[in-house]
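The values are calculated or read from the model by the stated rules, or taken from the named source; none is laboratory data. Treat the numbers as computed from the prediction; the structure is a model and nothing was measured. Cβ atoms come from the backbone with ideal geometry, glycine included; neighbour counts cover every protein chain shown. Accessible surface areas use protein heavy atoms only, side chains included; no ligands, DNA or RNA. Shrake-Rupley method; radii C 1.70, N 1.55, O 1.52, S 1.80 Å.
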Amino acid sequence: MKHITLKEIILSLLLVVFGYILLNPFGMFMPDMMHMVVLALVVVLAGLFLGLVVHERVHDEREVIHRDRSGRTGYTLGIIALLLGIIIQTFSHALDAWLVVTLLVMVLGKVVSRVGSRMKG
């Protein structure tokens, strides 16, 4: 379990670093070609992280609780970040539809998953 956690930490940190570089907040990091390379790295790292999350295995009840709690925390923080983005962009009259679509996909995914789980069990 420790080697999986280390992989998750390393992938998460790399994803955060490259995501920050991709945002290019001060316009000083890179020209367009480098921007595309970093975008590709972010996509690959996100895919690897997703692969770890999907294939993680739990061995006892504590690990189930930790996995559920971390999933709930990530989901909640994602909803908060999207809502803040929607609020800020709405006040500046430049709402990006992808923020709203992503929020709706997250909420609908959660609801469909819960309904599916209840129907099976």
Item checked: Selection from the range 49-58 of residues that are assigned to a helix (DSSP H, G or I) and either open to solvent by 70 Å² or more (accessible area, probe 1.4 Å) or modelled with pLDDT of 85 or more (or both) -> 50, 54
Checklist line | Single residue of 37, 42 found to be touching a residue at least 12 places away in the same chain (Cβ under 8 Å), within 22 Å of residue 14 (Cβ to Cβ) and assigned to a helix (DSSP H, G or I) | finding: 42
Margin query: Quick check on residue 15: is it modelled with pLDDT under 75 and buried (at least 16 other Cβ atoms within 10 Å of the Cβ)?
Written below: yes
Next item on the list: Look through the range 59-83, keep the residues that are open to solvent by 50 Å² or more (accessible area, probe 1.4 Å) and touching a helix residue (DSSP H, G or I) at 6+ places or on another chain (Cβ under 8 Å), and return whichever of them is farthest from residue 9 (Cα to Cα).
Entry: 83
Margin query: Step by step: first the residues of the range 80-121, then only those that are outside any helix (DSSP H, G or I) and at negative phi, then the one that is modelled with the lowest pLDDT. Which residue is that?
Written below: 121
Note to self: Being within 26 Å of residue 9 (Cα to Cα) and open to solvent by 60 Å² or more (accessible area, probe 1.4 Å) is the filter here; which residues of the range 84-104 pass it?
What the structure shows: 84
